[in-house]
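Step one of this worksheet: look at the structure below.
What follows is calculated from the coordinates using simple rules that are stated; it is not laboratory data. Since we're looking at a predicted model, the values are computed, not measured. Ideal geometry is used to build each Cβ from the backbone, glycine not excepted, and the neighbour counts take in all protein chains shown.
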Amino acid sequence: MIATLFLLGVGTIPAATSEARLLVAAESADRVYDLAFDGSDLSVREVIDVGYQATEIEGPHGLTVSPDGKHWFVSIAHGKPNGILYKYDAETHDLLGEAELGLFPATMQISPDTGLLYCVNFDLHGDMTPSTVSVVDVEGMVEIEQVVTGSMPHGSRLSPDGSRHFSCAMMSDELIELDAVTLEVVRRLELTDGTGRRAGGGHGPDAEAGAQAGAGGAPQHAAVAKPTWVQPHPTKPVAYVALNGVHQVLEVDLEKWKITRRFPTGRAPYNLEVTPDGTRLVVTYKGAQAVGVIDLKTGKELARIPTSRPIPHGVVVTADSRYAFVTCEDRGAAPGAVDAIDLETLRRVSSVDVGLQAGGIALFPATQRPVAPSRR
């Protein structure tokens, strides 16, 4: 067939390429970077200054893009004391609105079901008391509710249909499920290290199964597992949780609400993403300067890919499941970077420098190709 095409003058069939547009937050530079990937190289399209205090580092942390790709949102972690959510136009990067959230707002996502934005308030201030999830009407940029969940919530992610919100309470070792419509906590799962040991040192038959309770049921103990991210599977009723404190990723059956598998990982897994085809899990190892790629059928790590900077942070995967993009922090005054990883060859194929402490990352919808930077 290929030979016939060549003889007809068609020549060889070019390899498919994946174009992508993404945003990256540089937390210690108060900047968001608009990047493009042409299928082989990453490049900076535009740099957007964010925040309102010229003399302070305000800490842009989380990023998300609206499902239609017309707007993007960034959480500003540091405030007086509360943080802020900003809304921008995706083409011009004009600021369109803002809303005050809670203490140290971090990761977030918009539900395709409710149209609301859910942002965890990580709360680095004071005692390790239960914090909240801010729920925001993004049309009017109004916070309509703060739902109390657990201590230092992180990894704000929604079920594929947008009806359920999940987050990890890093300092109370919990996975928490929120009804995205009623805004009520419906289930809690206590997370352990797999030995039957509770984070507070106890043992018991329900150490794995956890407890179903409302907001007042949060356990009070020192964290051991330290979950930092949760990611629902795109088609199956399971979710994956990164346990930063014990170097594991958990698979949780969302129907039975129980832990079903544990995957050993590199040191300090931090963020993770399931490929849209549902076959692999991509995990950043914050303590190992690497990214792990895990086969979800076998549970085996297929590759551990070194990153260009010492502290990998966030990760997103293209809609065709071909490329992963990873933000990397460096130390001191060295710039951060974004790495592009080919999930077919399992190699890093491109890197681009960005600002200090590169963290939050978000992809635009696959239907929105990179466009020329705005001229302002």
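At a Förster distance of 25 Å, what's the computed FRET efficiency of residue 353 paired with residue 279, Cβ-Cβ distance as r, to 0.05? Taking R0 as 25 Å, the efficiency between residue 353 and residue 279 is 0.20. Fully extending the segment from residue 68 to residue 236 would add 58.1 nm, taking 0.36 nm per residue of separation and subtracting the current Cα-Cα distance. With K and R counted +1 and D and E -1, the other residues having a Cβ less than 13 Å from that of residue 148 yield a net charge of -3. Given axes a ≥ b ≥ c from the Cα gyration tensor, I'd like to know whether the chain is rounded (a/c under 1.5), prolate (a/b larger than b/c) or oblate. Oblate shape, in that a/c is at least 1.5 and b/c is the bigger or equal ratio. Work through the residues other than residue 299 whose Cβ is under 13 Å from its Cβ and net out their charges, Lys, Arg +1 and Asp, Glu -1. Computed value for this residue: +2.
Applying a DSSP loop filter and a limit of 12 other Cβ atoms within 10 Å to the GluC sites (Glu not before Pro) in segment 115-148 leaves 139. Classified by the C-alpha gyration tensor, segment 127-178 has an oblate form. Its axis ratio a/c, with a ≥ b ≥ c, is 1.5 or above, and a/b does not exceed b/c. For the pair residue 295 and residue 53, a Förster radius of 41 Å applied to the C-beta separation gives a FRET efficiency near 0.35, rounded to the nearest 0.05. Take every Cα pair under 8 Å whose residues are at least 6 apart in sequence, average their separation, divide by the length of the chain, and the relative contact order is 13 percent. Each peptide among 149-159, 174-184 gets the average number of other Cβ atoms lying within 10 Å of its residues, and from highest to lowest they stand as 149-159, 174-184.
For residue 137 and residue 262, FRET efficiency with R0 = 41 Å and r from the beta-carbon atoms, rounded to 0.05? Step by step, r from the Cβ atoms, then E = 0.60. Helix content alone sets the calculated 222 nm mean residue ellipticity of the chain: runs of n ≥ 4 DSSP H residues at -39500 (n - 2.57) each, divided across all residues, give -500 deg cm²/dmol. Each peptide in 43-56, 99-112, 318-331 receives the mean, over its residues, of other Cβ atoms within 10 Å, and ordering these scores from highest gives 99-112, 318-331, 43-56.
For segment 257-291 versus segment 296-333, the inter-centroid distance based on Cα atoms is 10 Å. Could you give the nm distance between label points at residue 80 and residue 94, where each point is 7 Å from its Cα heading toward the beta carbon? Inter-label distance under the simple model: 2.8 nm. Taken one residue at a time, the phi angles of segment 275-283 give Karplus couplings (6.51, -1.76, 1.60, θ = phi - 60°) of 5, x, 7, x, 9, 9, 10, 10, 10 Hz. Gly and Pro are set to x. The residues packed around residue 311, meaning those with a beta-carbon under 14 Å from its beta-carbon, carry a net charge of 0 if Lys and Arg are +1 and Asp and Glu are -1. Annotation: amide H of residue 303 within the under-5 Å range of 293, sequence separation 5 or more or interchain, hydrogens built in the peptide plane.
For the pair segment 105-142 / segment 39-65, the C-alpha centres are spaced 19 Å from each other.
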